[in-house]
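Student: First, the structure itself, so that you have it in front of you.
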Amino acid sequence: MNVGLLHPGEMGAAVGSALASAGHSVLWASQRRSEATRARAAAFVDAGTVDGIVERCDVVFSVVPPHAAVEVAESLAGYEGVVVDANAVSPATALRLAGTLSRFVDGGIVGGPPAPRLYLSGEEAGRVAALFEGSPIETEIVASASAVKCAYAAWTKGTAALLLAIRDFAAAEGVSAPLAAEWARSQPQLAGRLAAAERSAEAKGWRWIGELEEIAAAFAAEGLPQGFHQAAADVYRGFTAARSDGRP
C-alpha cells in the first residue's frame with residue numbers, strides 16, 4: 001500500500017521505516033522541508049507536495065510537534081483517505097481534529113526509535129494496526145490513544161521538568177553540592193535521572209512545551225489541577241530560551 005508521512009522528523013522517520021519494512025511504499029513531501037528532514041526521508045518516495053501524497057495514498061500519518069498538529073490536519077481537509085494523527089495532543093484536540101477530517105484515527109506514540117509502541121483508537125484503528133504487521137512497531141487498540149499518551153508523558157516529561165527546576169533552585173540558593181551529597185545518600189537514582197532530563201531537554205525540550213500545554217489542558221478538562229504541567233511547560237520554555245542565549 002502507498003502510505004503518506006507528514007513530516008519525517010526523528011519519530012516520523014521511525015514510523016515510516018517500520019511501514020517500509022512491512023512492505024509498504026512510504027511517500028513524503030519535500031516541499032519547504034529542511035536538509036535534515038530530506039536526509040531522514042532518503043529511503044522514502046518523494047511525492048513533492050502534500051497534494052501529491054493525498055492523490056496517491058489511502059492512509060496518511062501525521063507525526064509532527066504538537067503545536068503543528070492542527071495546521072497539518074487542516075491541510076488535509078477534504079482528503080477522503082484515513083488520517084492517523086500520531087501526535088502528542090490532548091483528547092479534546094484529537095476530537096477537534098476528528099471533526100476536521102472525514103476518516104480519522106487517533107494515535108499515541110510511546111517510547112523512542114526505532115521501535116516505539118503505537119496506541120490507536122477509532123473505527124479504523126484495526127486497519128491501521130494491520131499496516132504494521134511484520135514491522136518493529138507494536139500496536140495496541142485502546143479507547144483513547146491520545147489519553148494514553150497524555151497520561152504517560154505527564155509522568156515522564158513532568159517529573160523530568162521538576163528535576164530541572166529543583167536543580168535551578170539549588171543553584172540559585174548555593175546548595176547544589178550538599179543537595180547532590182544528600183541525593184547520593186538517600187535518593188541515589190536522582191542524579192542519573194537529572195542527567196537524563198538534561199540530555200533530553202537539550203535535544204527535544206523545545207517540542208515538549210506544546211505537549212505539556214496539551215497535557216495541562218487535558219487535566220483541566222477532567223477537573224484536575226493543570227498547574228503541574230503548565231509549570232513544566234514553563235520549565236522547558238526557560239530551558240530552551242537559556243540555550244538559545246548561550247546560558248548553561
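Student: Residue check, residue 137 against (1) out of contact with any Pro (no Cβ under 7 Å at 6 or more places or on another chain); (2) surrounded by 14 or more Cβ atoms within 10 Å (Cβ to Cβ), all met but one. Which one?
Tutor: Here residue 137 clears every test but (1).
Conditions tested, residue by residue: (1) of a type in the set (Phe, Trp, Tyr); (2) surrounded by fewer than 22 Cβ atoms within 10 Å (Cβ to Cβ); (3) closer than 19 Å to residue 142 by Cβ.
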| residue | (1), (2), (3) |
| --- | --- |
| 46 | no, yes, no |
| 57 | no, no, no |
| 75 | no, yes, no |
| 81 | no, yes, no |
| 96 | no, yes, no |
| 103 | no, yes, yes |
| 108 | no, no, yes |
| 126 | no, yes, yes |
| 130 | no, yes, yes |
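Student: Specify the residue that is farthest from residue 91 (Cα to Cα); the eligible residues are those in segment 192-214 that are among the aliphatic types (A, V, I, L, M), open to solvent by less than 60 Å² (accessible area, probe 1.4 Å) and more than 12 Å from the chain's Cα centre (by Cα).
Tutor: Ranking the candidates gives 195 first.
Student: Does residue 225 count as surrounded by fewer than 12 Cβ atoms within 10 Å (Cβ to Cβ) and either outside any helix (DSSP H, G or I) or among the polar types (S, T, N, Q) (or both)?
Tutor: yes
Student: From the list 139, 156, which residue is among the polar types (S, T, N, Q), touching a strand residue (DSSP E or B) at 6+ places or on another chain (Cβ under 7 Å), closer than 28 Å to residue 40 by Cβ and outside any loop (DSSP other than H, G, I, E, B)?
Tutor: None of the other options fit; the residue is 139.
The values are calculated or read from the model by the stated rules, or taken from the named source; none is laboratory data. Owing to the predicted nature of the structure, the values given are computational and were not obtained by experimental measurement. Heads up, the Cβs are rebuilt from the backbone with ideal geometry, glycines too, and the neighbour counts pull from every protein chain shown. To get the accessible areas, we keep the full protein, side chains included, count just its heavy atoms, and leave off ligands, DNA and RNA. Shrake-Rupley method; radii C 1.70, N 1.55, O 1.52, S 1.80 Å.
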